Structure formats: C-alpha cells, structure tokens
Amino acid sequence: MHIVTPSIFSDSTLQELFHFAYEFESGFVDNIAKDRIMATLFLEPSTRTRLSFEAAMLRLGGSVISCSDASGSSCKKGETDYDSILTVSTYADVVVVRTSNDWPDLNVRTPSNYPTSHVDLINAGDGANHHPTQALTDAYTIWKKFGRLDNLCIGVAGDLKKSRTIHSFIELMSRYESNYIFLLDTVNSDSSIDDSYLPYCAHMLCDTWKFHINFPKMNIVYTNRVQQERHDGKVGNVDFKLNEHWLNRLSPEGSIVMNPGPRRDELPAELDVDPRVVFFQQTRNGMFARMALLKYLFRS
Ligand code: NCD
C-alpha cells in the first residue's frame, strides 16, 4: 500500500487505527514486525517523524535501516527521488520517505512485476504538499480528547500555503461536514490558501476577523510555524503568538491547543503548564499512531 495523502484513511480505517493505537498506548505488546525491515529515507530534516517511526518499528519487534541526511545520500550526486525510493525499496518491507519535492508518481512508472511492488511506502512529508501520518497523529489526539472527529469548531493558524501538516490536517478534518474550520494565514496578508485545497474548503472560513471573533468557541486551535525553508528565508517569525490572553478566551475543559512541532514563537513553552496545550502528548501519540499503521499494513 502507498500512503501518500490522508484521503487513503477511510473513516472505518481511522477507527480501526485509533483502537490499535489505544491498545498499544495501554501496554499491549505485539511482535508483528518480527523479521521485517523498515527503511527511513529522510531527505529533509526531522526529529519526531523519523524517530517515532523508528521507535514504533522497534517496539513491534522489527528492525530499522536509516538515511537521515540528504547530503550523505546519492541525492547529493543528483539522484532523483524516484530512483532513491525504488532503490531503498529493494532492501526493506516498508519505506518511510521525506522529500522536499512532490511525491513522485511511482504507481504509473513502476511496472506491476517490479520486484518492489509489494513494499509499503509511506509519505512522511513531501515538500509543501502532505504529511498523512501527522494528520493521523492529530486525528488520534482529537479522538482521545473528544471521542469523535466531527461536530467540532477548529481554528488553524499558520503558513497556509506552505505547511504540509496544515494541508493534511484540513483535508482530513473538513471531511466531516459538521466541523467548522476557521483559518488564519500568518504569512500572507491576503489570507489565501492554495487553489488546490479549495475543494476541501467548503466549510472553511479564511478570514482574520472571523478567526478572532470565533476564537472562544474553538474546541481545537492548531498552530504551526512559518515554513522558512520554503520561502527562501524571506519570511521570518510572524506576529501570531499564542499567549495567556488568547488561552483564557478558550473553554477550560472543551478545548485543546495543538502544534505538530517543531514549534517556534507561535506556541511559547511557558504555556505548556496549561493542560489544554497537548504539544508533547501529540509527539507521543505519533508513536502509537505509527505503530497502529504498521500493524495495519503488516496484517493485510
Ligand atoms: C512538520 C513537517 O515536517 O512538516 N513536522 C513534523 O513532521 N511534525 C511541521 C514543521 O516542520 O513545521
């Protein structure tokens, strides 16, 4: 199976994955990955995605081989992502890939009898496009808190054009028509989101004023840093910064503040004492969600 965007996770698959993840979180031991190898091919920096995938694989009894630095790979010699991914696929049962480019079209160009067509491939972030397992992690965090993914008021503040975690998050959450999603673009004054995401925007309101007005109703406030590396360094840290004043406007019990990390000024560490800030819970949930996904892939 190829996990490229969050659309691959149907509602019933999500429910199954959440239950697997919750079992793992509750201490269930499963060696389903015994005798299997995961390759992590990270051609862009990562801390939590790569290490949570590797921890997940090791906890399931499997083994890991890793390329964590593009400059030490054949990328440096001009190899394409297509060739790198297929090369690594000849060594492993599952390949987790992060690249700064768009996900290559492996299905079309790979003959069905290709020796690696049985290998599971997971997109761990392709340029500014998608990051499906971060969306899975975020959805699991929401499901644990609210017991559902629908009927929620959600505010998303960040780099709407360039943040792949935001793209995957809104693609997944806007699937539920009862959700209200308010967007605040912290980089572009025109508050715009790429046209390619418009099909998912039916229930979204991208408007600074509406974001502010509706803030107290929000169950989820999702923040993400400005993706400086995708703006050629031309954009610095921007003015949206959560603080006690903002937090005090949220419901004491019925809200959470999320950030996929790494965080910058948008979510100051001083706010971590507030139980609504679930930043480090998200990182731990990411490991259980990835264990669940690996179990799902290896079982089928
Ligand atoms: C994100 C990414 O790489 O897209 N990090 C992550 O995987 N948790 C978000 C970011 O870098 O801002």
Review point. Of (1) away from the ligand (no atom under 13 Å from the Cβ); (2) polar (S, T, N, Q); (3) in contact with a Pro (Cβ under 9 Å, 6 or more places away or on another chain), SER178 satisfies all except one. Which?
Key: (3)
Check your understanding: Going by the structure shown, is LEU293 modelled with pLDDT of 95 or more and closer than 24 Å to THR49 by Cα?
Key -> yes
Practice item. Considering only residues that are part of a helix (DSSP H, G or I) and surrounded by fewer than 12 Cβ atoms within 10 Å (Cβ to Cβ), look in the range 69-92 and name the one that is farthest from the chain's Cα centre (by Cα). Key: LYS77
Exercise for review: Output the residues belonging to the range 10-46 that are in contact with a strand residue (DSSP E or B) (Cβ under 8 Å, 6 or more places away or on another chain) and either not in a loop (DSSP other than H, G, I, E, B) or not small (Gly, Ala, Ser) (or both).
Suggested key: ARG36, ILE37, MET38, ALA39, THR40, LEU41, PHE42, LEU43, GLU44
Point to revise | Single residue of the range 209-229 satisfying the filter (surrounded by fewer than 17 Cβ atoms within 10 Å (Cβ to Cβ) and within 21 Å of the chain's Cα centre (by Cα)) that is farthest from GLY158 (Cα to Cα) | key: GLU229
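Residues are listed down the side, and each one gets a yes or a no for (1) among the acidic types (Asp, Glu); (2) modelled with pLDDT of 95 or more; (3) away from the ligand (no atom under 16 Å from the Cβ):
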residue: ASP126; (1), (2), (3): yes, yes, no
residue: ASP138; (1), (2), (3): yes, yes, no
residue: LYS144; (1), (2), (3): no, yes, yes
residue: ILE170; (1), (2), (3): no, no, no
Revision key, fill the gap. Of (1) part of a strand (DSSP E or B); (2) crowded, with 19+ Cβ neighbours inside 10 Å, ILE65 satisfies every one except (2)
Check your understanding: Mind checking whether some residue in the range 45-63 is aromatic (Phe, Trp, Tyr) and touching a Pro at 6+ places or on another chain (Cβ under 6 Å)?
Key -> no
Check your understanding: Got at least one residue in the range 13-29 being within 21 Å of ARG164 (Cα to Cα) and not polar (S, T, N, Q)?
Key -> yes
Revision key, fill the gap. When the range 242-261 is checked residue by residue, the ones that are under 15 Å from ALA157 (Cα atoms) and either surrounded by fewer than 16 Cβ atoms within 10 Å (Cβ to Cβ) or acidic (Asp, Glu) (or both) are ASN243
Revision key, fill the gap. Here the qualifying pairs (Cβ atoms under 7 Å; residues six or more apart or on different chains; first in the range 114-138 and closer than 16 Å to PRO104 by Cα; second assigned to a strand (DSSP E or B) and more than 16 Å from the ligand (Cβ to nearest atom)) come out as VAL119/VAL94; VAL119/VAL95; ASP120/VAL94; LEU121/HIS2; LEU121/VAL95; ILE122/VAL94
Check your understanding: Take the residues of the range 215-245 that are under 25 Å from TYR140 (Cβ atoms) and not in a loop (DSSP other than H, G, I, E, B): which is farthest from the ligand (Cβ to nearest atom)?
Key -> LYS217
Practice item. Would you confirm whether any residue within the range 6-15 is crowded, with 17+ Cβ neighbours inside 10 Å and away from the ligand (no atom under 15 Å from the Cβ)? Key: yes
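The values are calculated or read from the model by the stated rules, or taken from the named source; none is laboratory data. These figures come from a predicted structure and were not determined experimentally. Glycine also receives a Cβ, built like all others from the backbone with ideal geometry; neighbour counts cover every protein chain displayed.
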